[in-house]
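Every number here is computed from the coordinates shown, using simple stated rules; none is lab data. Small disclaimer: the values here were computed from a predicted structure and weren't measured. Every residue, glycine as well, gets a Cβ built from its backbone with ideal geometry; the counts of neighbours run over all protein chains shown.
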């Protein structure tokens, strides 16, 4: 029973990763979506990302995102 | 306005109570559960904080969690989407944890709080901060500054791995960030892993190892692993790392770059890994100094606050002080994730509830980081009796003089006084103390008492008023977060140029060899009479006997064990090691007088870190 549960769970996560997540990622990447930068970019003057602060609204602290 | 701050679910969970901006209590969960870096919801720490602050659950106005779970999940998803088809192993491990539990952190937090007090409506009180805002708040709000530049750096929070902010009064503005997967903390952790130490706990070992090596690999690191811009911002070449898509920090390409496989933790540390440690330390310092120079020029602000795990790199902090661009540098003592609980609570106080911030320009608000539980003399005696300890009670003055005298005779003393420290350092509340003049003390403490690697240095506690006589340092370092060299007049000439690697340990380098690292550096703690009067009195008494206003101060634990919390923890640690004397409150006991049946095999008691 334990083995069966483990097998099904492995299968589910395998399917989720390779049949859902991976094809979705490939399509998005083909259309130019950049999820994470993986390499140096010598053309950029700086790697800092400007932060937009939004904690003046009380909502900021109420949300989980 | 009473705020409960919480950090949990990654490592070093903690709880903090802040009342109208005053920090009433701060406790790490690991100290109570006795599990090092315990990440579980800090239920014990919350209870302890409420006991200390004498508040009931109903009196808590807000509870704030130190980061935003959905943003973190989004980052995780983006990483898998960005790296797939790589990353299945990591996905297989992380997905069940997130889908089954971590994604529902709000529910979990509310559930845990409800078990503590079912009648309170916690849902209306629960708030969420951002990870790096929590770090920035923990660095700025307790500092004695009205205005400061804030630099936070760690492994990763939600997206940010480093942030640059300005703090003014009761507000913080984060100006810019470096985003995952580019992280100075993770770069350092990758080298920690490569050198055979545990990630998230062995980083300070790598820092301690660096002075034994030469920075031979700096160019390779600069050329292949990290690109640093003029303003100090940086990116990593992810093709050498595995932390985004695998279960390790580095990959084979990384190993090929340096020509050696990762060190197995059971192998001795070779000269190669000492050089590796020196190299990564040099690179990290170079990057941070570039950032610091740039922000100093950009903002012209004279105060700097630091937090985040990277800020625990006290060698780096010492270099920031040394370049002198900032008049004042303040580092949060609980710079790791445990400090996130404090930062979140302070952010809620000032930025959500808009309580006006009161600043004492002479003193920070951390109260010496002595924010944990304390035990009354009656409690101590009762606890010690319960465990079968044989002790004597001495009056304050006699106790101090007797302890100082025992220290000067070469005894190693467990020192348990007052409130427990918050953060990774023992600062005279839960410390093991010894005579720094002893040539054999470092080796003896490492091998017989701490059961840890022989290369690791010990830190000095020095009376604040004597610091510049003994060290090249002219400012306070109350939290042991600055490294400075022993002053020239206390150094001894050695044949250091001929010694290599661990052989350097044999050289006697100064009048205080037990706390002088192989490059003459020391991680200094200055002790202030007002902040820690009892510890100050002990060092003063030792100074009268020895003409040396310094003691060796190491945390009261063995390798892999959280710092002791209760008198019983202290007695167990005392009976499980070669410590000679234990002082708890006004009770003093020597090992030779204890029942030998109470001896413990402590060496294998805790999983090594």
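Could you give the length gained by full extension between residue B:328 and residue B:439, i.e. 0.36 nm per residue of separation minus their alpha carbon distance, to one decimal place? Write down the numbers at each step before the final one.
Values: separation 111, 0.36 × 111 = 39.96 nm, distance 3.50 nm.
Here the answer is 36.5 nm.
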Segment B:135-255, relative contact order [Cα under 8 Å, separation at least 6], %:
16
May I ask for the angle, rounded to the nearest 10°, between helix A:2-15 and the longest principal axis of chain A, with both axes built from Cα atoms and the value confined to 0 to 90°?
40
In whole angstrom, note down how far apart the Cα centers of segment B:349-418 and segment B:169-186 are.
35
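If the chain between residue B:35 and residue B:599 were fully stretched, how many nm would it gain, using 0.36 nm times the residue separation less the Cα-Cα distance?
Details: separation 564, 0.36 × 564 = 203.04 nm, distance 2.16 nm.
Fully extending the segment from residue B:35 to residue B:599 adds 200.9 nm.
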Can you tell me the length gained on complete extension of the stretch residue B:362 to residue B:488, counting 0.36 nm per residue apart and subtracting the Cα distance?
42.4 nm
With segment A:2-62 reduced to its Cα atoms and the Debye formula applied, log10 I(q)/I(0) at q = 0.15, 0.17 1/Å amounts to -0.83, -0.85
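With viscosity set to 1.002 mPa s at 20 °C, what whole-number translational diffusion coefficient in µm²/s follows for segment B:287-345 from Stokes-Einstein and a Kirkwood radius over Cα pairs?
On the way: Rh = 12.0 Å.
Estimated diffusion coefficient is 178 µm²/s.
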Overall dimensions of the protein assembly as shown as given by Cα atoms, namely Rg and Dmax in Å
24.8, 78
For segment B:184-330, report the convex hull volume of the alpha-carbon atoms normalised per residue, in Å³, without decimals.
108
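What FRET efficiency, computed as 1/(1 + (r/R0)^6) with R0 = 56 Å and r the Cβ-Cβ distance, is obtained for residue B:592 and residue B:47, rounded to the nearest 0.05? Numbers along the way, then the final one.
Values: r = 38 Å, r/R0 = 0.68.
The value I calculate is 0.90.
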Rounded to the nearest 500, what is the 222 nm mean residue ellipticity of chain B from helices alone, with -39500 (n - 2.57) per DSSP H run of 4+ residues and division by all residues?
-9500 deg cm²/dmol
Treat each spin label as a single point 7 Å out from the Cα along the C-beta direction, and report the residue B:168 to residue B:499 distance in nm.
5.2
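Rounded to the nearest angstrom and ordered from largest down, what semi-axes does the equivalent ellipsoid of segment B:400-513 get from its C-alpha gyration tensor (root of 5λ)?
Working: eigenvalues 113, 69, 44 Å².
Those come to 24, 19, 15 Å.
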Residue order, fewest to most surrounding Cβ atoms within 10 angstrom, among B:421, B:297, B:381
B:297, B:381, B:421
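Taking the Cβ-Cβ separation of residue A:9 and residue B:607 as r and a Förster radius of 35 Å, what is the calculated FRET efficiency to the nearest 0.05? Display every interim value, and only then the final one.
Values: r = 28 Å, r/R0 = 0.81.
That gives a FRET efficiency of 0.80.
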Tell me the label-point distance for the pair residue B:508, residue B:547, using the 7 Å Cα-to-Cβ offset, in nm and rounded to one decimal.
1.5
Separation in nanometres of the label points that stand 7 Å from Cα toward Cβ, at residue A:18 and residue B:402
7.2
Rounded to 5, the percent of DSSP beta bridges in chain B classed as antiparallel:
70
Please tell me the relative contact order of segment B:184-330 in percent, rounded to the nearest whole number, where contacts are Cα pairs under 8 Å and at least six residues apart.
31
Separation of alpha-carbon centers, segment B:1-57 and segment B:422-497, rounded to whole Å
30
Express the relative contact order of chain B as a whole percentage, based on alpha carbon pairs under 8 Å and six or more residues apart in sequence.
16
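Based on the Cα atoms of chain B, what semi-axes does the equivalent ellipsoid have, where each is the square root of 5 times one gyration tensor eigenvalue, given in whole Å with the largest first? Don't skip to the answer; put the middle values down first.
Details: eigenvalues 240, 191, 117 Å².
After scaling each eigenvalue by five and taking roots: 35, 31, 24 Å.
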